[in-house]
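Heads up: the structure comes next, in structure tokens.
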Amino acid sequence: MPGMKVHEYQARQLLAEAGVPVPASRVVETAEAATAAYNDIRGRVVVKAQVFAGGRGKAGFVKLCSDAAEVRAAADFMLRNRMVSPQTGPQGIAVKKLLIASAVDIAKEYYAAVVVDRGRRRPVVMVSREGGVEIEVVAKEKPEAIVKHWLHPHLGLLEFQLAQLVAALGITAKEQVAAARKVIRGLVDVFYKYDCSLAEINPLVCTASGEVMAIDAKMNFDDNAVFRHKRLQEMFDPSEENPMELRAKEHNLSYIALEGNIGCLVNGAGLAMSTMDIIKLHGGEPANFLDVGGSVTAEGAVEAFRIILSDHKVKGVLVNIFGGIAKCDTIAEALIAAAREIGFKVPVVVRLEGTNVERARTMLKEAAIEQLITAGDLTDAAKKVCAKVA
């Protein structure tokens, strides 16, 4: 899972606090405030939508402006229209905040990032002298253009690594070398200080006047560590999150919305993945990943159904439970309670195995709820739910 995110302007703040040079900027929520911000900054500025999605430039939500009138027009457009890009889907997303930042004359773009390498189980610093919006293409077509140094688990970034990373950027002028070292060191410091899973500067630029600075940044944080960072908690923006995912989190459920029409209710992440796979194998599309966990209660399972069924795309639900700590009869009780409380208007196919499974099957049979359909095994369940929504 990607973990907690922050907006670009917030990532810039964290970098600036770590000594990384960033352009002067203001964050605004209205066109009037955008104009006032321009009057403070002056000169050429860039107006950037603050959303958790890429493709802003191509979508028209990053604008270079030279005067207050242009800033107001750009801000008015972005705040009145939904941004549509390949990452948002056709429905787009609403823009509620804008970054007004000093524009810089870019002489050269670079890329720098720190990310967790799960294969080696340690962070890796990556740099490239080919930064910019096409860095994904560079990574795919010219992987040798991205230089990597894995960090020591106890010593972190070593001096020789820092020197080699700056050299890999092709920066040789004395003052620029010192500035680049400061940027990379600051990026690594932020990564460690805030338990990041990703800290990225793209692009890192050298300006026409010779300054080295970060003009865009992206950061993700480990959800399991946010509790110890009050600063990150204050930065959390619930308006940018899926409301059903937030609701699930409040009830200790793991929920991720997907694009299909078959809801999935399972206990265990591995079981969830296999459930989604078998749905696709039989021609269906999962609408969500919802893991109720190994110790789910009847109340938690009922809430899980409320969340799944609040998604209007859902035309059927597959319940796949392996009873261990959460016994099958507990799940059956929750299914029956949910059917009577919520009212199942879509077919719910149930596959149960494990502790107290026979009792659970008897309970479901005796309940005689029309939309509750039992299955003999997972293949049978997948075939039945896919047939129901076809």
Using modelled backbone amide H atoms (1.01 Å from N, in-plane), which distant-in-sequence or interchain residues come within less than 5 Å of Cys264's amide H?
Ala287, Asn288, Leu290, Leu318
Once a ≥ b ≥ c are taken as the square roots of the eigenvalues of the Cα gyration tensor of the range 1-115, is the result rounded (a/c under 1.5), prolate (a/b larger than b/c) or oblate (a/b not larger than b/c)?
oblate
Treat each spin label as a single point 7 Å out from the Cα along the C-beta direction, and report the Asn252 to Asp380 distance in nm.
3.3 nm
Give me the distance in nm between label points sitting 7 Å out from Cα along the Cα-to-Cβ direction at Lys193 and Phe236, one decimal.
2.1 nm
Pick out, from Thr35, Val51, Ser66, the residue whose Cα sits farthest towards the positive end of the charge dipole of the range 24-103, with +1 on the Cβ of Lys and Arg and -1 on the Cβ of Asp and Glu.
Val51
Sort 172-182, 256-266, 71-81 for me by packing, meaning the mean count of neighbouring Cβ atoms within 10 Å per residue, highest on top.
256-266, 71-81, 172-182
Suppose each label sits 7 Å from its Cα in the direction of the beta carbon; what would the Glu70-Asp311 distance come out to in nanometres?
4.3 nm
Which entry in (i) 17.7; (ii) 20.3; (iii) 21.8 matches mean projected area of the Cα convex hull in nm² derived from the coordinates of this structure?
(iii)
Hey, could you get me the Stokes-Einstein D for the range 243-389, Kirkwood radius over alpha-carbon pairs, 10 °C and 1.306 mPa s, rounded to whole µm² s⁻¹?
109 µm²/s
How charged is the neighbourhood of Ala163? Take every other residue with its Cβ under 14 Å from the Cβ of Ala163, and add Lys/Arg as +1 and Asp/Glu as -1.
+3
Taking the Cα centre of the chain as origin and charging only Cβ (+1 Lys, Arg; -1 Asp, Glu), how large is the dipole, in debye to the nearest 20?
320 debye
Taking alpha-carbon centroids only, the range 1-56 lies from the range 161-220 a number of Å equal to 18 Å
Karplus 3J(HN,Hα) series, Hz, for the range 350-359 with 6.51 cos²θ - 1.76 cosθ + 1.60 (x for Gly, Pro):
10, 10, 10, 9, x, 4, 6, 5, 5, 4
Could you work out the helix-only [θ] at 222 nm for the chain, with each DSSP H run of four or more residues adding -39,500 (n - 2.57) and the total divided by the number of residues, to the nearest 500 deg cm²/dmol?
-11500 deg cm²/dmol
Under 18 Å from Lys327, Cα to Cα: lysines that are on another chain or at least 8 residues apart
Lys365
Count the net charge of all other residues whose Cβ sits under 12 Å from the Cβ of Lys327, scoring Lys and Arg as +1 and Asp and Glu as -1.
-3
Suppose R0 equals 56 Å. What FRET efficiency, 1/(1 + (r/R0)^6) with r the Cβ-Cβ distance, do Val147 and Glu353 give to the nearest 0.05?
0.65
Report the calculated FRET efficiency for Glu370 and Ala94 (r = Cβ-Cβ distance, R0 = 41 Å), to the nearest 0.05.
0.55
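The numbers here are math on the coordinates, done by the rules we state, and not lab data. The model shown is predicted, which means the values in this text are computed figures rather than measured ones. Heads up, the Cβs are rebuilt from the backbone with ideal geometry, glycines too, and the neighbour counts pull from every protein chain shown.
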